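Peer 1: For reference, the structure I am asking about is given below.
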Amino acid sequence: MTVSGRFVALLALGVIPVVLLGWTEAMSYLALGCWLLLCIVLGVLDLMLAGSPRRVVLERVLPSRVRLGTEATSELLVTNTGRRAIRGTVRDAWEPSAGIDRSRTRVAVPAGERRRITATLTPWRRGERHVTQVSIRSWGPLHLWARQATLSAPGRIRVLPPFTARKHLPSRLARLRELDGMTSVMLRGQGTEFDSLREYVRGDDVRSIDWRATARRHDPNSGRGARVMVRTWRPERDRRVVIVIDTARTSAARIGDEPRIDTAFEASLLLAALATRAGDRVDLIAYDRAVRGRVQGASGPELLSRMVDAMAGIEPALIEMDWSAVPAQVSAVTSQRSLVVLLTSVEAPGASRGLLSVLPQLTNKHIVVVASVTDPETIEATGTRRNRDEVYRAAAAERSLLDVSRVTAAIQRLGADVVTGSPEELPPALSDVYLSLKAAGRL
């Protein structure tokens, strides 16, 4: 039960005659007591005439998934199974991170009828966003006292990564199509496979002539000379790309407006979308000291769907990354030579010691690319030196960049490639490295 401000004002109204008429103390107490009793009687009567919120049946209609930052519609069906109408307020108790536009809604539900309450959700955090309860406050006709009940109405919505890097996908797919048609890949080499046969044209490499196919196409009765056939080659397909995302403590650091792990997700999704269009197989491992997410054996549209679903519930773990187990995790996915992409942080040499210790095991068998996001504010700080504080800040930034350069050089000496960039630059930069490996015949 709850009381309204109208009831409080009604109680205060009884004091006015006592003050204005100047009654004796005994008469004042008697008048105030009678007025209080009258107000309580009116409140009880109002409460009895209010509809019972416990006779309400609740149903939810929710989408199963929504991308981070986009809107979703939440529908709550309120059915009054009681004998009296319910006039009051319904509070839908979503988590704050669900981003509901309004949690309280005024309703009037006659007996035996149903009302639909619609709200807009704009989540600002990934993962499962839950709601468990709905509070209903039903007022009487005088709006003095109200019945209130909290009912169970569980619901959830899964918030997926936004994949804002998909804006870079059309340009990379265009480059991929150009790569498939480049003259350089018409020549046989490492990382290419047989594509088709065609007639020889001036300028073709004579080493590409297929004499057996030429002999089969030759017709002695045609009166024409032999049509020389040449082989064409294309970048090899059905290769393996293994993406390993570091979900340990360093992935929790915020770079710009998002955690480092979210940038890793964006880069992984863009690379996976590009690689699957190129005919390669992509596997994903999110790991720190345990496997937080794994996607294996998917292709086409199913791949991205399973990846965003696995990423949605992954949060950084505030523990140290166990790099010694990463080669075994990669070997469990594939035993053939593959492109292994490690999305982690390249910082101080001490923090990267575990990564550097296992890189030789990976580079001996696989093509390894280490991708790391850099903080644009660190680079900006090196150029601002107007006062003493900014000079010290610039010195710290220079020291940080020097450490990154040392770690990058050490990684390259061990045979791996390094890609760095801001949160906006890293996803397309990683895709460009993939395309360059394709163009060079290394993948």
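The values are calculated or read from the model by the stated rules, or taken from the named source; none is laboratory data. In this text, all values refer to a predicted model and were calculated from it rather than measured experimentally. Because the Cβ atoms are built from the backbone with ideal geometry, glycine has one as well, and the counts that use them run over all protein chains shown. Ligands, DNA and RNA are excluded from the accessible area calculation, which covers all protein heavy atoms including side chains. Shrake-Rupley method; radii C 1.70, N 1.55, O 1.52, S 1.80 Å.
Peer 1: Between the DSSP loop rule and a limit of at most 16 other Cβ atoms within 10 Å, which chymotrypsin sites (Phe, Trp or Tyr not before Pro) in the range 18-108 are left?
Peer 2: Details: sites: Trp23, Tyr29, Trp35, Trp94; in loops: Trp23.
Listed in order of number, the matching sites are Trp23.
Peer 1: If you don't mind, another one. Residue by residue, what Karplus-based ³J(HN,Hα) values in Hz, rounded to whole numbers, does the range 84-100 have, using 6.51, -1.76 and 1.60 with θ = phi - 60° and x for Gly and Pro?
Peer 2: So the J values, rounded to whole Hz, are 10, 5, 10, 10, x, 10, 10, 10, 8, 8, 6, 4, x, 6, 6, x, 6.
Peer 1: Which FRET efficiency, nearest 0.05, do Leu318 and Ser422 yield, Cβ-Cβ r, R0 25 Å? If you can, show how the numbers build up before the last one.
Peer 2: Values: r = 24 Å, r/R0 = 0.98.
The pair Leu318/Ser422 has a calculated efficiency of 0.55.
Peer 1: Consider the candidate values (1) 22.1, 78; (2) 34.5, 136; (3) 32.6, 125; state which one is Rg and Dmax of the Cα atoms in Å computed from the structure displayed.
Peer 2: (2)
Peer 1: While we're on this one: Hey, in the GNM for the chain with a 10 angstrom Cα cutoff, which one of Val15, Val369, Val330 fluctuates hardest?
Peer 2: Of Val15, Val369, Val330, the most mobile in the Gaussian network model is Val15.
Peer 1: Okay, moving on. Multiplying the sequence separation of Arg353 and Ala396 by 0.36 nm and subtracting their Cα-Cα distance, what value in nm do you get?
Peer 2: Gain on stretching Arg353 to Ala396: 13.4 nm.
Peer 1: May I ask you to give the percent of accessible area on the chain that is carbon plus sulfur, with a probe radius of 1.4 Å?
Peer 2: 52 percent
Peer 1: Zone of Ser436 (label point 7 Å along Cα→Cβ, backbone N under 15 Å): which residues in the range 346-378?
Peer 2: 368-372
Peer 1: To continue, here is another question. Please give the FRET efficiency for Arg60 paired with Arg227, using the beta carbon to beta carbon distance and R0 = 60 Å, rounded to the nearest 0.05.
Peer 2: Working from the Cβ atoms, E equals 0.30.
Peer 1: What helices does the chain have that are whole DSSP H segments, at least 27 Å long along their own axis by Cα, and with mean Kyte-Doolittle hydropathy of 1.0 or more? Intermediate results must be reported in sequence, preceding the final value.
Peer 2: Details: long enough: 25-49 (36 Å, 1.95); 388-413 (38 Å, -0.31).
Helix filter hits for the chain: 25-49.
Peer 1: Taking 0.36 nm per residue of sequence separation and subtracting the Cα-Cα distance, how much length would be gained by fully extending the chain between Ala93 and Glu302, in nm to one decimal?
Peer 2: Length difference between fully extended and current span is 71.9 nm.
Peer 1: Let me ask something else about it. Could you calculate the FRET efficiency of Ala111 with Glu25 from 1/(1 + (r/R0)^6), where r is the beta carbon distance between them and R0 is 35 Å, rounded to 0.05?
Peer 2: Between Ala111 and Glu25 the formula returns 0.10.
Peer 1: Please calculate the 1.4 Å probe accessible area of Tyr287, with all protein chains present, and give it to the nearest 10 Å².
Peer 2: Per-residue accessible area (Tyr287): approximately 10 Å².
Peer 1: Gain in length, Ser152 to Leu45, computed as 0.36 nm per residue apart minus the alpha-carbon separation, to one decimal in nm?
Peer 2: Between Ser152 and Leu45, full extension yields 35.7 nm more.
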